[in-house]
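The values are calculated or read from the model by the stated rules, or taken from the named source; none is laboratory data. Treat the numbers as computed from the prediction; the structure is a model and nothing was measured. Note that we place each Cβ from the backbone using ideal geometry, even for glycine, and neighbour counts take in every protein chain shown.
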Amino acid sequence: MVRLLEIMALSLVVTLVVGCNGSEEEKPIWEQVKMGDLAPSHSGKRPSDQSLRTIKFNVYVFELPAENVTVLEDVWQMLYRHPVQVNDYTAFVANSFSVGFGEIQMWNKIGELLEGAEAKRMPSILLLLADGQSDDITVVRLKREQAVFYVSGGGSARGVTIGPGKLALRIRAKKVAGARGVCYVEVHPVFSPPTRNSIPELAARAKAGEVVFASAGFGLMMSPGDFFLLGPGEYISDQVSLSSLFFSKPEGSLFYPKLEGRSTLGKPERKPAIRVFMVVCTGINV
């Protein structure tokens, strides 16, 4: 596995401004992630970028109050389902995973829906993958051993003990032979134990402790400018189901409610939250 070039870029969506009313100004979600950020780069490439034989993605993570999870129903209706091939549809839905495919011209309307649900954007990640290789986007770190329950292929309920380690989104990309500017992307939730040892035997033993949740995996064809959105089918707060660990944040995050009739935001409130992932293909240079 080729290690990805992971860059925590840009600033946090929310910058706190101290004032007598605790309010602040903030750009809308759809302006924070501009069309230019989603579109493929062409003549603007730097020489160093041109020499990298990679498939390039931008990964955006949004958090929104769990109480507003129903807004995602409107988002899924705007996105396409047929380009996405889930490994096991019954298990995917039973695990409370949802995914949709989109193109850059659809972003502003989706951003408006997220904005209306008080969503905020977390730091973005630049992901560079060699052809046929994969790497992981860390979602949550588990500090101790715990059980996680999920639905496996065929609809069987299963439980497995994981931790300590990380729960991550594993993304693998491979150029489609004979098709210019097209790659096939495979996505799986995975658990990986810590791998701090460079000794091959010990590193292999740690890798053997990985758990790939194949029943919640999917694949799709992507070209520069395409994206997929991955989120929960519902809010589950138990922190023992796969969906809850992956998408839910019951301890909460700070959100700034929009004050009616004003351009500023109100005082921050801590609310249980959900995570939504947007992965954009921005370049294929392999």
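Filter the stretch 148-157 down to residues that are closer than 22 Å to residue 248 by Cα, touching a residue at least 40 places away in the same chain (Cβ under 8 Å) and not in a loop (DSSP other than H, G, I, E, B), then give me how many there are.
4
Hey, does the stretch 165-186 have a residue that's in a loop (DSSP other than H, G, I, E, B), within 15 Å of residue 146 (Cβ to Cβ) and modelled with pLDDT under 95?
There is no residue in the stretch 165-186 that is in a loop (DSSP other than H, G, I, E, B), within 15 Å of residue 146 (Cβ to Cβ) and modelled with pLDDT under 95.
Can you list the helices (runs of 4 or more DSSP H) lying wholly within the stretch 43-147 that have 1 or more residues being more than 30 Å from residue 268 (Cβ to Cβ) and at pLDDT 95 or above?
Result: 71-78, 89-94.
For every residue, the table says whether it meets (1) polar (S, T, N, Q); (2) closer than 16 Å to residue 83 by Cα; (3) modelled with pLDDT of 95 or more; (4) in a loop (DSSP other than H, G, I, E, B).
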| position | (1), (2), (3), (4) |
| --- | --- |
| 201 | no, no, no, no |
| 219 | no, yes, yes, no |
| 229 | no, yes, yes, no |
| 234 | no, no, yes, yes |
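Exactly one of these conditions fails for residue 256: (1) aromatic (Phe, Trp, Tyr); (2) farther than 30 Å from residue 145 by Cα; (3) at pLDDT 95 or above; (4) out of contact with any helix residue (DSSP H, G or I) (no Cβ under 7 Å at 6 or more places or on another chain). Give me its number.
It fails just one condition, (3).
Looking at (1) surrounded by 15 or more Cβ atoms within 10 Å (Cβ to Cβ); (2) out of contact with any helix residue (DSSP H, G or I) (no Cβ under 9 Å at 6 or more places or on another chain); (3) modelled with pLDDT of 95 or more, which one does residue 243 not meet, given that it meets all the others?
The single condition residue 243 does not satisfy is (2).
Of the conditions (1) touching a residue at least 40 places away in the same chain (Cβ under 8 Å); (2) closer than 28 Å to residue 161 by Cα, residue 283 fails just one. Which one is it?
Looking at each condition in turn, residue 283 falls short on (2).
Which residue pairs have Cβ atoms under 7 Å apart, sit 6 or more places apart or on different chains, and have a first residue in the stretch 247-266 that is part of a strand (DSSP E or B) and a second that is at pLDDT 80 or above and aromatic (Phe, Trp, Tyr)?
Between residues of the stretch 247-266 that are part of a strand (DSSP E or B) and residues that are at pLDDT 80 or above and aromatic (Phe, Trp, Tyr), the close pairs are 248/235; 265/256.
Mind listing just one residue for me: the one in the stretch 215-240 that is of a type in the set (Phe, Trp, Tyr) and farther than 17 Å from residue 90 by Cα and, of those, surrounded by the most Cβ atoms within 10 Å (Cβ to Cβ)?
227
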